[in-house]
Amino acid sequence: MTDAYNKAARGNGFREEFVYSDTERLLLEKYADITDDLHTDLHECLGHGSGKLLPGVDPDALKAHGSTIEEARADLFGLYYLPDAKMVELGLVPDAEAYKAEYYSYMMNGLMTQLVRIEPGCTVEEAHMRNRQLIARWALEHGKAEHVVEMVVRDGKTYVRINDYAKLRLLFGELLAEIQRIKSEGDYEAARQLVEKYGVQVDPVLHAEVLQRYRSLHLAPYKGFLNPVYTPQTDAEGNIVDVHISYTEGYAEQMLRYSRDYSNL
């Protein structure tokens with residue numbers, strides 16, 4: 001499914017509009033399909049599957065910020081381990097440069113392009129979006145003295161530029177350690193401060209710019225997919241001998257059918 005999404009998105013002008021230079025575009029073209037999927041796998045299987053609460057800590061201690069902190073923890077796990085030499089050794093990535101594609105894509109999305117999903121004047125509300133902005137803005141701020149990541153303006157347009165990928169990995173590791181501490185100890189106040197400082201507020205000027213640039217591409221901010229309708233074909237004895245596949249349903253029709261037929265499951 002992700003492969004289909006990626007192929008459908010090629011040539012839509014998004015990278016040409018938002019990616020800083022040909023260097024980053026070539027990285028994305030060469031590696032992004034691989035590293036995006038691998039980061040998702042690391043996030044879901046090992047990120048969410050790792051980390052423990054200290055004895056006696058309430059699993060709901062972080063309250064409203066629990067989901068954002070947990071998503072940040074899983075994302076940071078994937079980001080930190082993606083450049084590890086073991087990934088090349090296992091054949092999961094082709095070489096030691098591949099991780100840079102995910103780092104660039106993640107920072108660009110967290111700092112800028114996910115804002116296309118937010119209405120003007122609104123704040124970031126969804127846990128995954130808060131988590132991505134939290135990580136990206138924290139790394140931008142904490143790497144500022146060494147210019148690890150910068151927001152640069154060229155020809156009146158804002159771009160993300162990563163100057164030191166190795167140091168960015170160290171920043172991700174530092175934040176991962178703190179996020180894990182917050183989760184393990186149930187430190188609500190630290191969670192609240194992180195989320196509210198880095199994950200919620202939107203720069204209205206940058207937001208307006210991103211929306212205007214995205215609007216010129218005539219792209220939808222969200223994408224969905226349709227499953228085919230499978231109808232079994234049977235013989236005289238009732239044995240399935242074939243399956244008929246059709247794409248006759250629309251999106252809303254399919255979602256309503258799923259709700260009607262399968263919600264009880």
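What follows is calculated from the coordinates using simple rules that are stated; it is not laboratory data. Values in this document were obtained by computation on a predicted structure and should not be read as measured data. As a convention, Cβ positions derive from the backbone with ideal geometry for all residues, glycine included, and neighbour counts pool all protein chains shown.
Key figures
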{"quantity": "Entries of LYS100/LYS223; LYS197/LYS223; LYS63/LYS183; LYS52/LYS183; LYS144/LYS197 with Cα pairs more than 18 Å apart", "calculated": "LYS100/LYS223; LYS197/LYS223"}
{"quantity": "Ellipsoid semi-axes in whole angstrom, largest first, where each is sqrt(5λ) of the Cα gyration tensor of segment 1-131", "calculated": "28, 22, 11"}
{"quantity": "Qualifying GluC sites (Glu not before Pro) for segment 144-251 [loop in DSSP, other Cβ within 10 Å: at most 16]", "calculated": "GLU237, GLU249"}
{"quantity": "Taking the chain and dividing mean pair separation by its residue count, relative contact order in percent (alpha carbons under 8 Å, at least six apart)", "calculated": "21"}
{"quantity": "Size of electric dipole in segment 121-265: Cβ of Lys, Arg +1 and of Asp, Glu -1, about Cα centre, debye, nearest 20", "calculated": "640"}
{"quantity": "Debye-sum result for segment 190-265 in log10 I(q)/I(0), which assumes one identical scatterer on each alpha carbon, at q = 0.15, 0.26 Å⁻¹", "calculated": "-0.84, -1.15"}
{"quantity": "Residue-averaged [θ]222 nm for the chain, counting only DSSP H segments that reach four residues, each worth -39500 (n - 2.57)", "calculated": "-16000 deg cm²/dmol"}
{"quantity": "Top positive-direction residue, dipole computed over segment 2-215 with Cβ charges, set LEU111, PRO94, GLY121", "calculated": "GLY121"}
{"quantity": "Dipole magnitude (debye, nearest 20) for the chain, charges at Cβ of Lys, Arg, Asp, Glu", "calculated": "720"}
{"quantity": "Listed residue (GLN254, PHE225, GLY186) projecting farthest to the positive dipole end of the chain, Cβ model", "calculated": "GLY186"}
{"quantity": "Principal axis dimensions, largest first and in whole angstrom, of the chain by Cα", "calculated": "75, 55, 46"}
{"quantity": "Farthest toward positive dipole pole in the chain [+1 Lys/Arg, -1 Asp/Glu at C-beta], among LEU76, THR40, LEU206", "calculated": "LEU206"}
{"quantity": "Candidates per trypsin sites (Lys or Arg not before Pro) in segment 24-130, loop by DSSP, up to 16 other Cβ within 10 Å", "calculated": "LYS52"}
{"quantity": "Segment 164-265: trypsin sites (Lys or Arg not before Pro) in DSSP loop, at most 10 other beta carbons within 10 Å", "calculated": "LYS223"}
